[in-house]
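Heads up, the thing below is written out as structure tokens.
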Amino acid sequence: MSRPAEDGATARPNDRGRIGRGPRGANAIHAAVLDLLTTEGYAGLTIEGVARRSGINKTTLYRWWPSKPALVAATFRHTIARDLPVPDTGSLRGDLVALVTAKAAFLGDGPGRLAADVLAHTGADPELARLADELLGQHCAHVTEVTGRARARGELTGPVDDQLLADLLLGPVWLRTVVTRRPLSNSDTDALVDTVLTGLTLTTDPVARTRR
């Protein structure tokens, strides 16, 4: 099997305009990390194993990533921390339903599922904790974009705590897809969004607030 080039460095802009750097064999390295996470889990993954699977020298891996958590975090930034499309259905409810559906699919399969498993180790390493903060920040940014459009359409007339709204939406999705491994049905998603929107309406509608 031919070995990918491994000397030198590449620089590429990611979807946020920042510059991401890695060896020329980065794609093979990140693919090896995901493969080993699938078969061995985070505890069983080693940099030596990634070197064997990717065909890249271990010294090259350590030159770029000094530890397993740093390498794993870089893999997820490379493969899944790019922006998921933010839905624009023309209504707040439609956008939130589509967003919850996309998040559940993301966490329920593929790299998103692996990321959820890795993030269970965030308490043991600051690099993984930073990755968790980035992914949660991305989710909140998506919610903020949705509420901003809703405000521009006149659907929201009062202040909204986007971080709290993001937590209210993601919490049940995380519980069902990651903790209990029970997928959300379409009716579950509709009920979740409708319940949140009911509370949101009471919070942001001045008339409703005076009636409580």
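The values are calculated or read from the model by the stated rules, or taken from the named source; none is laboratory data. Since the model is a prediction, treat every value here as computed from it, not as a measurement. Cβ coordinates were reconstructed from backbone atoms using ideal geometry, including for glycine residues, and neighbour counts include every protein chain displayed. Just so you know, the surface numbers come from the protein's heavy atoms only, side chains and all, with ligands and any DNA or RNA stripped out. Shrake-Rupley method; radii C 1.70, N 1.55, O 1.52, S 1.80 Å.
For the residues Thr10, Thr60, Thr79, the requirement of being at pLDDT below 90, surrounded by 16 or more Cβ atoms within 10 Å (Cβ to Cβ), among the β-branched types (Val, Ile, Thr) and over 30 Å from Gly154 (Cα atoms) singles out Thr79.
A single member of Asp133, Asp167, Asp188 is surrounded by fewer than 13 Cβ atoms within 10 Å (Cβ to Cβ) and outside any loop (DSSP other than H, G, I, E, B), and it is Asp133.
In this structure, Tyr42 does not satisfy being over 22 Å from Glu134 (Cα atoms), assigned to a helix (DSSP H, G or I) and either modelled with pLDDT under 95 or over 23 Å from the mean Cα position of the chain (by Cα) (or both).
Applying the criterion of being assigned to a loop (DSSP other than H, G, I, E, B) and under 15 Å from Gly90 (Cα atoms) to the residues of region 136-159, the residue that is modelled with the lowest pLDDT is Leu156. Does region 62-73 contain at least one residue that is closer than 17 Å to Val173 by Cβ and in contact with an Asp or Glu (Cβ under 7 Å, 6 or more places away or on another chain)? No: zero hits. Of Thr101, Thr147, Thr122, Thr157, all but one fail to be of a type in the set (Ser, Thr, Tyr) and open to solvent by less than 20 Å² (accessible area, probe 1.4 Å); the exception is Thr147.
The residue pairs whose first member lies in region 187-212 and is among the β-branched types (Val, Ile, Thr), whose second member is modelled with pLDDT under 70, and whose beta carbons are closer than 7 Å, counting only pairs six or more residues apart or on different chains, are Thr201/Ala208.
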